[in-house]
Amino acid sequence: MKGKKIVLGITGSIAAYKSAVLARLLVKAGAEVQVVMTPAAKEFIAPLTLSTLTGPAVLSEFFEERSGSWNSHVDLGVWADAMVIAPATASTLGKMANGIADNLLVTTYLSCRAPVFVAPAMDLDMFAHPSTKRSLETLASWGVHIIEPKEGELASHLVGKGRMAEPEEIFQTLEKYFDGPAKKTLEGLSVLMTSGPTYEKIDPVRFIGNYSSGKMGKAIAEELAERGAKVTFVSGPVESLPKSDNIHVVSVESAEEMYRACLSVRDEYDVAVFCAAVADYRVATPNDHKIKREQVGALSLDLIPNPDISAELGKLKSAKQWHIGFALETNAESEAVIDKMSRKHLDMIVLNSLQNEGAGFKVDTNKVTIFDALNGGTVDLPLMSKRNVAKAIVDRMEELRFI
Ligand code: PMT
């Protein structure tokens, strides 16, 4: 993505606010971004927000009122390495499919020599209308890439047709386009992964949990799968799960369930990656009924330790199996890593520290240091998207011949 020239087209949809996130992801990855907005898009997001994120002034009109200068759609179309229109409304898709060049965005599309990507965004009825369907079919038949939201297993009920793909998904589509298909360096490898949080029941309506979103684990699983590995992905409750023919998702809720799922495949994997934020304790006796405030007043819970999944599997692992753990620390990081590495029989640890802004739970980025037991080396990585952190982790695994 570094140095790539991207025309980011924005049209008049409520999803336009997500374009700011997409613009930021592109700029962070080193792309040069020129935003082109339709007049309607400016009702949804201020051009100033986008030009502040990307650098150059946003283009929207054929002529600049103040200077009388002309914004050349032809130059833009030649300059671009890719054009991505996100969000793309039914109206813009229709204009593109029929050559109705009444704004700068559509004329730029018509002059564009580079690949074009569109991320449709509209309500369900508009999306289902034959007119929209025909526009999309026409554009697809001309080689325009249509980016629709990916759905994870648990998230499928949240994904309505017509909702715009998430900025991260759009970014990844572009990244993949520029990088080309991944080399299948991991074919034949079997990987066990844990990911996401665990929920420990207090009563039927409450639980003890943590902030893990599963994004880091998902990115690693997708990277492994793209390189040809088969992944058993044991996940706590998260909104979005990875989807690939190479990934078998096992959804669990509690640490005990996660432990049992991992134990059941203990002889079947070559590499295990423990990315989950497992609750170290659970409530000794969860209540069968909802605890009522009026009845108990002050409440104390009896907590007992959960199995340490990575440590237990570490005791059982064969000489051929490799274990990779994560460490999430707030202080004295290196000491904690060294202790965890030997206590849990880990071959590699990825440390993310909550002291670093943009690292750890929930966010789309991470900043990690990779420690390995093989030669005691460490690799410090800069703040990157979780997708790129995942790539770097898998690269390091390959480099160290863990796989
Ligand atoms: O899911 P995200 O929002 O993307 O956030 C990613 C992450 C911050 C959760 C991830 O990058 C991460 O750091 N995961 C491990 C968090 C953690 O619980 O660290 P820990 O230091 O407590 O545990 C050390 C290792 O032991 C981890 O590999 C953990 O998976 C494993 N463990 C811990 C406790 C336990 N009972 N069983 C385990 O297997």
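Residues in segment 363-371: is at least one within 21 Å of SER310 (Cα to Cα), in a loop (DSSP other than H, G, I, E, B) and of a type outside the set (Phe, Trp, Tyr)?
No, segment 363-371 contains no residue that is within 21 Å of SER310 (Cα to Cα), in a loop (DSSP other than H, G, I, E, B) and of a type outside the set (Phe, Trp, Tyr).
Taking segment 274-302 only, how many residues are more than 8 Å from the ligand (Cβ to nearest atom) and either part of a helix (DSSP H, G or I) or closer than 22 Å to ALA327 by Cβ (or both)?
Count: 6.
Has segment 380-392 got at least one residue that is touching a Ser or Thr at 6+ places or on another chain (Cβ under 8 Å), among the charged types (D, E, K, R) and touching a residue at least 40 places away in the same chain (Cβ under 8 Å)?
Yes, some residue in segment 380-392 is touching a Ser or Thr at 6+ places or on another chain (Cβ under 8 Å), among the charged types (D, E, K, R) and touching a residue at least 40 places away in the same chain (Cβ under 8 Å).
GLY55 - would you say it is at positive phi and of a type outside the set (Lys, Arg)?
Criteria met by GLY55.
For LYS317, indicate whether it is modelled with pLDDT of 95 or more, of a type in the set (Lys, Arg) and surrounded by 11 or more Cβ atoms within 10 Å (Cβ to Cβ).
yes
Out of everything in segment 226-260 that is over 18 Å from the mean Cα position of the chain (by Cα) and crowded, with 19+ Cβ neighbours inside 10 Å, what residue ends up being nearest to the ligand (Cβ to nearest atom)?
Among those that are over 18 Å from the mean Cα position of the chain (by Cα) and crowded, with 19+ Cβ neighbours inside 10 Å, it is ALA255.
Got at least one residue in segment 46-57 being β-branched (Val, Ile, Thr), under 29 Å from ASP179 (Cβ atoms), crowded, with 22+ Cβ neighbours inside 10 Å and in contact with a strand residue (DSSP E or B) (Cβ under 9 Å, 6 or more places away or on another chain)?
Within segment 46-57, none of the residues are β-branched (Val, Ile, Thr), under 29 Å from ASP179 (Cβ atoms), crowded, with 22+ Cβ neighbours inside 10 Å and in contact with a strand residue (DSSP E or B) (Cβ under 9 Å, 6 or more places away or on another chain).
Could you check segment 354-378 and list, in sequence order, the residues that are of a type in the set (D, E, K, R) and within 14 Å of ILE324 (Cα to Cα)?
Of everything in segment 354-378, just one residue is of a type in the set (D, E, K, R) and within 14 Å of ILE324 (Cα to Cα), namely ASP372.
Tally the residues that are of a type outside the set (Asp, Glu) and open to solvent by 20 Å² or more (accessible area, probe 1.4 Å), restricting the search to segment 344-364.
9
Being without any contact (Cβ under 8 Å) to a residue 40 or more places away in the chain and under 21 Å from LEU25 (Cβ atoms) is the requirement here; does GLY358 meet it?
Answer is yes for this residue.
Do we have any residue at all in segment 324-335 that's open to solvent by less than 40 Å² (accessible area, probe 1.4 Å), within 12 Å of the ligand (Cβ to nearest atom), closer than 14 Å to LEU374 by Cβ and not in a strand (DSSP E or B)?
Within segment 324-335, not a single residue is open to solvent by less than 40 Å² (accessible area, probe 1.4 Å), within 12 Å of the ligand (Cβ to nearest atom), closer than 14 Å to LEU374 by Cβ and not in a strand (DSSP E or B).
Of all residues in segment 372-385, count the ones that are more than 16 Å from LYS215 (Cβ to Cβ) and open to solvent by less than 30 Å² (accessible area, probe 1.4 Å).
3
If PHE178 meets every condition in (1) open to solvent by 40 Å² or more (accessible area, probe 1.4 Å); (2) among the hydrophobic types (A, V, I, L, M, F, W, C); (3) part of a loop (DSSP other than H, G, I, E, B) apart from one, which number is that one?
Condition (3) is where PHE178 drops out.
Identify all residues within segment 98-122 that are within 20 Å of GLU137 (Cβ to Cβ) and surrounded by fewer than 20 Cβ atoms within 10 Å (Cβ to Cβ); write none if there are none.
The answer is ASN98, GLY99, ILE100, LEU110, PRO115.
What number goes with the only condition from (1) surrounded by 15 or more Cβ atoms within 10 Å (Cβ to Cβ); (2) modelled with pLDDT under 90 that GLU166 does not pass?
The single condition GLU166 does not satisfy is (2).
May I ask you to list the residues in segment 76-97 that are assigned to a loop (DSSP other than H, G, I, E, B) and surrounded by fewer than 22 Cβ atoms within 10 Å (Cβ to Cβ)?
Listed by number, the list holds a single entry, ASP81.
Would you confirm whether any residue within segment 304-312 is in contact (Cβ under 8 Å) with a residue 40 or more places away in the chain, surrounded by fewer than 20 Cβ atoms within 10 Å (Cβ to Cβ) and among the charged types (D, E, K, R)?
yes
Between residues in segment 203-219 that are closer than 23 Å to THR232 by Cα and free of Cβ contacts under 8 Å to residues at least 60 places away in the same chain and residues that are of a type in the set (Val, Ile, Thr) and open to solvent by 10 Å² or more (accessible area, probe 1.4 Å), which pairs lie under 7 Å by C-beta distance while being six or more apart or on different chains?
So the pair list comes out as GLY214/VAL238.
Quick one: how many residues across segment 21-41 are open to solvent by less than 20 Å² (accessible area, probe 1.4 Å) and either touching a Phe, Trp or Tyr at 6+ places or on another chain (Cβ under 8 Å) or assigned to a helix (DSSP H, G or I) (or both)?
The qualifying residues number 5.
Have a look at VAL273, VAL231 and point out the one that is without any contact (Cβ under 8 Å) to a residue 60 or more places away in the chain, under 19 Å from THR185 (Cβ atoms) and not small (Gly, Ala, Ser).
Exactly one of VAL273, VAL231 is without any contact (Cβ under 8 Å) to a residue 60 or more places away in the chain, under 19 Å from THR185 (Cβ atoms) and not small (Gly, Ala, Ser), namely VAL231.
The values are calculated or read from the model by the stated rules, or taken from the named source; none is laboratory data. Nothing here was measured: the structure is a model prediction, and the numbers come from that model. For neighbour counting, all protein chains shown are included, and Cβ atoms are generated from backbone atoms with ideal geometry for every residue, glycine included. SASA here: full protein model, heavy atoms, side chains in, ligands and nucleic acids out. Shrake-Rupley method; radii C 1.70, N 1.55, O 1.52, S 1.80 Å.
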